[in-house]
Amino acid sequence: MRKKVIAGNWKMNMLPNEAISFIENIAPMVKDTKNEVILCVPYVDLFYSLLTSQNTNIKIGAQNMHWEESGAYTGEVSGKMLQSIGVEYVVIGHSERRQYFADTDETVNKKVRAALANELKPIICVGETLEIREQGKQNEVITTQTRLALEAVEASKLENVLIAYEPIWAIGTGKTATAEDANSAIKAIRGEVAKIYGEPIASNLTILYGGSVKADNSKELFETSDIDGGLVGGASLKVEEFAKICLSV
Ligand code: PGA
C-alpha cells in the first residue's frame with residue numbers, strides 16, 4: 001500500500017519569518033496524519049524551515065539543485081550542500097524551470113542522479129503542454145520525459161524517487177485535470193516505469209498529481225487508484241487550505 005504524499009511547492013514565495021510562522025501554525029494541525037507532508041521552500045528558507053520543523057512530521061525539500069558537487073557555477077546550489085543541512089527532498093525538472101531556466105531532459109537526468117547520490121529524494125516533474133494534450137499525445141510526452149529522467153538510475157534507487165505529473169495547462173491556471181484524466185496519465189507513467197524496472201518497483205512508486213490542487217478537489221484526485229497525493233503550488237501558501245489538503249485523505 002503506497003503512502004499518500006502531499007508536497008507544497010512554495011515557488012518564489014515566503015520570507016524566512018513567514019516560513020517559520022507557517023510551519024509553527026500548520027504543525028499541530030497535521031500532526032496526526034499518516035500522510036507524508038513536505039514543504040519545498042526557497043533556498044533562503046531551508047535552514048529556518050528545517051529548524052522549525054524539528055520534532056514535527058513535516059519534511060523539508062528544495063525546489064532545484066545543480067548536479068555537480070561544487071565548482072565555478074555562480075549562483076547554484078549542489079545536492080551535497082542540500083544534504084549537508086538535512087534537506088530530504090528536492091523538486092527536479094519543474095515545468096517552470098524547463099520553461100524559464102533551460103532545464104532539459106538531459107539536465108533533469110543529471111540532477112536526478114546527483115540527488116540520489118547525495119541521499120536526497122527527487123520529486124521529478126513531468127507534464128504536457130495544452131497543445132500536446134489537444135493533439136492527444138500527452139502519454140507519449142510524459143512517458144518519454146519519465147524514461148529520460150530515469151536514464152541510468154539503478155533499480156535499487158527507485159524507492160527514493162517520486163514523480164509528479166503536472167500538466168502545464170493546469171499549473172496556476174485554476175484548471176485542474178479531471179481525476180479520471182490525471183489518473184490515466186499517471187497510469188501511463190507507472191506503465192512506463194514497469195517496462196523499465198518491472199511491475200513490483202512500478203507499483204511501489206509514488207506518483208503525485210500537480211496543477212491547481214485545492215482543498216475542494218484534492219480528495220477526489222487522491223482517492224483514485226494511481227494518484228498518490230499532490231504537488232501543490234498556490235494552495236500551499238495558505239495554512240488552513242494546505243492543512244485541509246493534507247487531511248483530505
Ligand atoms: P499550482 O502549482 O498548484 O499553483 O497550480 C502546482 C505546481 O506548479 O507545482
Rounded to the nearest 500, the 222 nm mean residue ellipticity computed for the chain from DSSP H runs (n ≥ 4, each -39500 (n - 2.57)) alone is -12500 deg cm²/dmol
Computed over the chain, protein heavy atoms only, probe 1.4 angstrom, the accessible area per residue in square angstrom equals 46 Å²
Candidates 24, 76, 119; GNM for the chain (alpha-carbon contacts under 10 Å) flags as most fluctuating 76
Treating only Lys and Arg (+1) and Asp and Glu (-1) as charged, each at its beta carbon, one finds that region 125-249 has a dipole about its Cα centre, in Debye to the nearest 20, of 120 debye
If every Lys and Arg gets +1 and every Asp and Glu gets -1 at its Cβ, then about the Cα centre the chain yields a dipole, in debye to the nearest 20, of 260 debye
For region 50-176, the accessible surface attributable to carbon and sulfur atoms (probe 1.4 angstrom, ligands and nucleic acids excluded) amounts in percent to 47 percent
Ranking 194, 33, 162 by how far each Cα lies towards the positive end of the charge dipole of the chain (+1 on Lys and Arg Cβ, -1 on Asp and Glu Cβ), the top one is 33
Full extension between residue 106 and residue 144 adds, at 0.36 nm per residue less the Cα distance, a length in nm of 12.5 nm
Taking every other residue with Cβ under 14 Å from the Cβ of residue 49 and scoring Lys and Arg +1, Asp and Glu -1, one gets -3
GNM of the chain, Cα pairs under 10 angstrom: of 49, 21, 84, the biggest fluctuation goes to 84
Region 93-195: relative contact order from alpha carbon pairs under 8 Å, six or more residues apart, as a whole percent, is 32 percent
For region 183-246, the percent of accessible surface on carbon and sulfur atoms (probe 1.4 angstrom, ligands and nucleic acids excluded) is 51 percent
With Cα springs under 10 Å, the Gaussian network model of the chain assigns the largest mean-square fluctuation among 123, 132, 142 to 132
For region 31-41, in residue order, the Karplus 3J(HN,Hα) values (coefficients 6.51, -1.76, 1.60; θ = phi - 60°; whole Hz; Gly and Pro = x) are 5, 9, 6, 8, 6, 7, 10, 10, 10, 9, 10
Projected area averaged over all directions for the convex hull of the alpha carbon atoms of region 1-91, nm², comes out at 6.4 nm²
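The values are calculated or read from the model by the stated rules, or taken from the named source; none is laboratory data. Predicted model, so just to flag it, every value in this text is computed and none were measured. All Cβ positions, even for glycine, are placed from backbone atoms using ideal geometry, and neighbour counts span all protein chains on display. Accessible surface areas use protein heavy atoms only, side chains included; no ligands, DNA or RNA. Shrake-Rupley method; radii C 1.70, N 1.55, O 1.52, S 1.80 Å.
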